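*Asks:* Dropping the structure in here first, questions after.
The values are calculated or read from the model by the stated rules, or taken from the named source; none is laboratory data. Remember, it's a predicted structure, so these values are computed and weren't measured experimentally. Note that we place each Cβ from the backbone using ideal geometry, even for glycine, and neighbour counts take in every protein chain shown. Keep in mind that these areas ignore ligands, DNA and RNA; they rest on the heavy atoms of the full protein, side chains included. Shrake-Rupley method; radii C 1.70, N 1.55, O 1.52, S 1.80 Å.
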Amino acid sequence: MRVHIFGQLRIEDEQGNNLDITEIRSRKARELLLYFIIFHKRRIATELLCETFWPDMEEDYARSNLQTAVSLIRRFLGKEVLTYSDGTYCFDKNNKVIVDAEEFESSIVSARGCQNEEEKIQKLKQILEGYTNDVLPQYCYEEWIVHTREHYKDLFVDVLMELLAHSERCGNFAEVRDLSKRAMEKDPLNEQACLSHMEALAGLGQEAEALRFYESFSQRMEKELGILPSQQLKDLRDQLSTCRKRKTWIVTIETNQVSEAMQVLKSVLREDDEVRILSSQKIGLFIKDVDREVAESIRKRIEEALDKGPAQVKISLRLAR
């Protein structure tokens with residue numbers, strides 16, 4: 001038997017057929033089955049089960065209700081799956097049930113045991129692909145499910161951060177950006193992920209986006225926790241703000257009609273922009289104190305303006321050395 005608790009609950013028999021849990025007519029019995037699945041293979045005292053599911057009921061009535069619920073579960077899955085001994089119940093004592101969340105956790109342990117770094121990274125990436133949803137997201141109020149959900153979510157974020165650190169060492173900014181974004185989707189107040197995300201955006205020439213992200217993150221921290229980001233994040237913000245003001249970009253325009261192109265450029269230039277004729281067929285437009293995002297928008301504006309003219313042009317953008 002295989003049980004899936006990532007996302008919607010799904011139980012498969014040994015032939016791979018889905019079992020319909022709604023065949024257990026009692027809602028309490030269905031919740032009890034979930035409890036046994038969450039605490040797979042553990043011995044659980046009768047008293048704890050009664051306190052968890054029938055907290056306000058006299059002990060005799062609670063025990064009676066527990067026995068009824070257990071009977072319904074056994075009728076649904078078979079007697080051997082749920083056993084009783086010395087005042088405790090155990091789900092899957094004979095180790096015949098596979099739970100996807102437990103496989104997920106054991107796979108992480110196995111991957112981290114790899115001596116080869118590249119093999120470990122590849123295994124961790126494969127493990128992430130199997131995490132398509134949180135544990136039973138439709139259950140919002142059962143504390144024992146919420147704790148389990150957070151446990152596996154934390155494991156998922158830990159793997160993301162491990163892969164993120166590897167991508168940072170390799171200088172793969174695009175991968176760092178994507179991994180840090182995924183980490184903050186699960187852990188919105190993760191400062192290390194925020195720091196990595198901002199650094200990746202800066203590495204991709206998107207300082208303005210990094211600064212906007214900082215402001216959004218800072219507001220979220222203040223609203224939800226009543227605190228401001230760490231000094232390290234503030235220092236990165238200040239560094240990016242300063243760096244952004246110092247950058248100069250060059251838009252290179254190659255054309256065989258330089259004079260006509262110069263006339264068109266006059267209509268789209270900013271006051272601080274500097275134009276130089278670099279050769280008989282090449283113009284250089286120097287854009288100061290902006291990041292790549294703004295420089296790219298200026299390049300597009302120039303391209304649109306020149307496309308309307310008769311001259312054939314080739315336009316490129318690069319950071320000035």
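*Asks:* Taking the Cα atoms only, what angle lies between the long axis of helix 191-203 and the longest principal axis of the chain, rounded to 10 degrees?
*Replies:* The answer is roughly 30 degrees.
*Asks:* Given a 1.4 angstrom probe, I'd like the percentage of the accessible area of region 2-147 that is carbon and sulfur, rounded to a whole number.
*Replies:* 44
*Asks:* With springs connecting C-alpha atoms under 10 Å apart, model the chain as a Gaussian network and identify which of 33, 306, 128 has the largest mean-square fluctuation.
*Replies:* Fluctuation is largest for 306.
*Asks:* Which net charge results for the neighbourhood of residue 179, defined as the other residues with beta-carbon distances under 14 angstrom from its beta-carbon, given Lys and Arg at +1 and Asp and Glu at -1?
*Replies:* Numbers: positive: 125, 169, 177, 181, 182, 186; negative: 129, 158, 162, 168, 175, 178, 185, 187, 199.
After counting each charged neighbour, the total is -3.
*Asks:* OK, next. Where is the GNM fluctuation largest for the chain (alpha-carbon springs, 10 angstrom cutoff): 237, 149, 30?
*Replies:* So, out of 237, 149, 30, the one fluctuating most is 30.
*Asks:* Past 26 Å, Cα to Cα: identify those pairs from 234/300; 153/234; 125/186; 41/181, in the order given. Mind showing how you got there, number by number?
*Replies:* Values: 234/300 32 Å; 153/234 28 Å; 125/186 17 Å; 41/181 36 Å.
Violating the 26 Å limit, Cα to Cα: 234/300; 153/234; 41/181.
*Asks:* Please get the size of the charge dipole for the chain, origin at its Cα centre, with Cβ charges of +1 on Lys and Arg and -1 on Asp and Glu, quoted in debye to the nearest 20.
*Replies:* That gives the chain a dipole magnitude of about 1080 debye.
*Asks:* Out of [x] 51; [y] 19; [z] 32, which label holds the value of percent of Cα pairs over 34 Å apart that was computed here?
*Replies:* [x]
*Asks:* Per the 1.4 Å probe, what fraction of the accessible area of region 211-307, in percent, lies on carbon and sulfur atoms?
*Replies:* Summing carbon and sulfur atoms, their accessible area is 44 percent of the total for region 211-307.
*Asks:* In the chain, what percentage of the DSSP-assigned beta bridges are antiparallel, given to the nearest 5?
*Replies:* Just about 90 percent of them are antiparallel.
*Asks:* Next question. Nearest 10 degrees, 0 to 90: what angle lies between the long axis of helix 143-170 and the longest principal axis of the chain (Cα atoms)?
*Replies:* Tilt of helix 143-170: around 30 degrees.
*Asks:* Two decimals, Cα atoms only, Kirkwood Rh: what is Rg/Rh over region 163-284?
*Replies:* 1.17
*Asks:* Further question on the same structure: Applying a 10 Å radius around every beta-carbon, put 151-159, 296-304 in order of their mean neighbour count, most first. Before the final figure, lay out each step's value.
*Replies:* Details: 151-159: 17.2, 296-304: 15.7.
In descending order of packing, they fall as 151-159, 296-304.
*Asks:* So, one more: As I understand it, the dipole of region 224-321 uses +1 on the Cβ of Lys and Arg and -1 on the Cβ of Asp and Glu, about the Cα centre. Which of 241, 312, 252 lies farthest toward its positive end?
*Replies:* 252
*Asks:* Hey, another quick one. Report the Cα-based extents of region 1-157 along its three principal axes, largest first, to the nearest Å.
*Replies:* Dimensions of region 1-157 along the principal axes of its Cα atoms: 58, 34, 30 Å.
*Asks:* Moving on. What's the magnitude of the charge dipole for region 127-221 around its Cα centre, counting Lys and Arg as +1 and Asp and Glu as -1 at the beta-carbon? Answer in Debye, nearest 20.
*Replies:* 160
*Asks:* Another question, then. If I fit a long axis through the Cα atoms of helix 100-112 and take the longest principal axis of the Cα atoms of the chain, what angle between them do I get, 0 to 90°, rounded to 10?
*Replies:* Once rounded, the angle reads 60 degrees.
*Asks:* Under a 1.4 Å probe, what is the accessible area of the chain per residue, stated in Å²?
*Replies:* Heavy-atom accessible area per residue stands at 57 Å².
*Asks:* A further question follows. Setting aside same-chain residues fewer than 8 positions from residue 96, which aspartates and glutamates have a Cα under 15 Å from its Cα?
*Replies:* 12, 13, 14, 80
*Asks:* So if I place +1 on the C-beta of Lys and Arg and -1 on the C-beta of Asp and Glu, and nothing else carries charge, what would the dipole magnitude of region 139-190 be about its Cα centre? I want it in debye, nearest 20.
*Replies:* 220
*Asks:* What number comes out for the charge environment of residue 297, summing +1 per Lys or Arg and -1 per Asp or Glu over other residues with Cβ under 12 Å away?
*Replies:* Residues near residue 297 contribute 0 overall.
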